[in-house]
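Participant: Quick one: the structure is below, and I'll ask about it shortly.
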Amino acid sequence: MNYIELKQHLLTAQHVVITTHKSPDGDAIGSALGMYAFTQLLGLEKVSVIVPDPDPHFLHKMPHHDVIQFFSEQSEEATTCIANADCIFLLDFNTTSRTGNDMGAVIDSNTTAIKILIDHHQQPDTFDYMLSEVSASSTAELVYVFCKELAPEVDINLEMAECLYTGLVTDTGSFKFSATGARTHRIAADFKDLGLDTASIHQSIYDTNSFNRLKLMGYALSEKLEQIEGVPATFISLSQEELQKFHYTKGDTEGLVNYGLSISGVEVTAFLREAEDRSVKISFRSKRDFDVNLFARAYFNGGGHKNAAGGRVEMSLTDAIEQFKTALSKEWNS
Ligand code: 5GP
Ligand code: MN
């Protein structure tokens, strides 16, 4: 990537837009707001952060959260913003359809802006400038690398560190997943050197359960965790009725999928959630060699990483469970 050229584009841009993917997680919001903080340090005047749909409540305390415009809530203004942008950052996704069909179409067709992708998912589409590293722990890690390369003279501040640290923590399972590299820890150390209060960030991510959320997790683990015969795999499914019984709100099932993989000997797990529109959103996780990115792409209109992926299907929850069991038995034994 030609950072000198890109820096010129950014410094002369009238309007910069920062985007991320649908159903945003900590890495998506942390990367977007971390990049926003950086644009403020660079002195850029007009910067918008446009996110397809709302994020879970445990991210709402992040610095600059109030600048986010949600496309699902303000689609006209957001469309105008994207259409008039000179530069658009595409963060934590590899293809514009990950922002949803409507927002994706605007990014694809309604703008002549320069597009800058910073991402760690496999097989990215091609954009004007790209920092794509599949082995990176998180997009937040790459945003940090990008900012240091683009403007080494800019000292990052605590707000930017807080946002990016949230991305590091959430995408690495608190520095546990195998993509956590020496660079990941070095960046975290830089944030510590700045004086970042990391304990309070962990607390606001992980210790903000509602009573209902914890009850829902308990129910899912005690009543809904199942094993698949003949395959070292488990899964959990939750219907709309079950979710509503526990007054489900966005983010309540965050992390639930990981429990199924924490069982000794289990290599693959899934969490299937019936959405309000009756489609089924599925999260996949695996250990070692089983590639859930390929699996999600082949059977569930999805994708992601080798050991963490997701997808969505338009069918009943019962059919989605059957499809998962059948496809997994086939792929595991092939
Ligand atoms: P999660 O299961 O936490 O929603 O997502 C795990 C990983 O899979 C994330 O990196 C996410 O970007 C990716 N992912 C989740 N859902 C989808 C999907 O519907 N399509 C694609 N391509 N990737 C997904
Ligand atoms: Mn990510």
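The values are calculated or read from the model by the stated rules, or taken from the named source; none is laboratory data. Model, not experiment: these values are computed from the prediction. FYI the Cβ positions are ideal-geometry reconstructions off the backbone, even for glycines, and counts take in every protein chain you see.
Participant: Scan region 291-308 for residues that are of a type in the set (F, W, Y) and near ligand 1 (Cβ under 10 Å from one of its atoms) and jot them down.
Facilitator: Answer for region 291-308, where residues must be of a type in the set (F, W, Y) and near ligand 1 (Cβ under 10 Å from one of its atoms): just F300.
Participant: Within region 261-293, track down each residue that is in contact with a helix residue (DSSP H, G or I) (Cβ under 6 Å, 6 or more places away or on another chain) and more than 16 Å from ligand 2 (Cβ to nearest atom).
Facilitator: Once the filter is applied, which keeps residues that are in contact with a helix residue (DSSP H, G or I) (Cβ under 6 Å, 6 or more places away or on another chain) and more than 16 Å from ligand 2 (Cβ to nearest atom), region 261-293 yields T269, A270, F271, L272, E274, V280, S286.
Participant: Name the residues in region 234-270 that are closer than 18 Å to D319 by Cβ and touching a residue at least 40 places away in the same chain (Cβ under 8 Å), would you?
Facilitator: F235, S237, S239, A270
Participant: Next up: Return the only residue of K306, K287 being closer than 15 Å to L261 by Cα and surrounded by fewer than 17 Cβ atoms within 10 Å (Cβ to Cβ).
Facilitator: K287
Participant: Out of the residues in region 294-305 that are within 16 Å of ligand 2 (Cβ to nearest atom) and without any contact (Cβ under 8 Å) to a residue 60 or more places away in the chain, which is nearest to K330 (Cα to Cα)?
Facilitator: A296
Participant: Then there's this: Would you mind finding the one in Y248, Y259 that is within 17 Å of P56 (Cα to Cα), away from ligand 1 (no atom under 12 Å from the Cβ) and hydroxyl-bearing (S, T, Y)?
Facilitator: One residue alone meets the criteria, Y248.
Participant: Related question: Pick from A32, A13: which is within 19 Å of F127 (Cβ to Cβ) and within 16 Å of ligand 2 (Cβ to nearest atom)?
Facilitator: Just a single option satisfies the conditions, and that option is A32.
Participant: Within region 213-248, work out how many residues are exposed (fewer than 14 other Cβ atoms within 10 Å of the Cβ) and hydroxyl-bearing (S, T, Y).
Facilitator: So the count comes out to 1.
Participant: Residues L90, L59, L44: which one is touching a residue at least 40 places away in the same chain (Cβ under 8 Å) and either in contact with a Phe, Trp or Tyr (Cβ under 9 Å, 6 or more places away or on another chain) or away from ligand 1 (no atom under 16 Å from the Cβ) (or both)?
Facilitator: Going through L90, L59, L44 in turn, the sole match is L90.
Participant: Test of understanding: among G265, G251, which residue is surrounded by 15 or more Cβ atoms within 10 Å (Cβ to Cβ), assigned by TED's automatic domain parsing to the domain that holds A309 and in contact with a Pro (Cβ under 8 Å, 6 or more places away or on another chain)?
Facilitator: When all the criteria are applied, what remains is G251.
Participant: Might you check whether a residue that is buried (at least 24 other Cβ atoms within 10 Å of the Cβ), of a type in the set (G, A, S) and more than 15 Å from ligand 2 (Cβ to nearest atom) occurs anywhere in region 69-85?
Facilitator: Yes, that holds for at least one residue.
Participant: Looking only at region 313-327, count every residue that is crowded, with 18+ Cβ neighbours inside 10 Å and within 16 Å of ligand 1 (Cβ to nearest atom) and tell me the total.
Facilitator: The total comes to 3.
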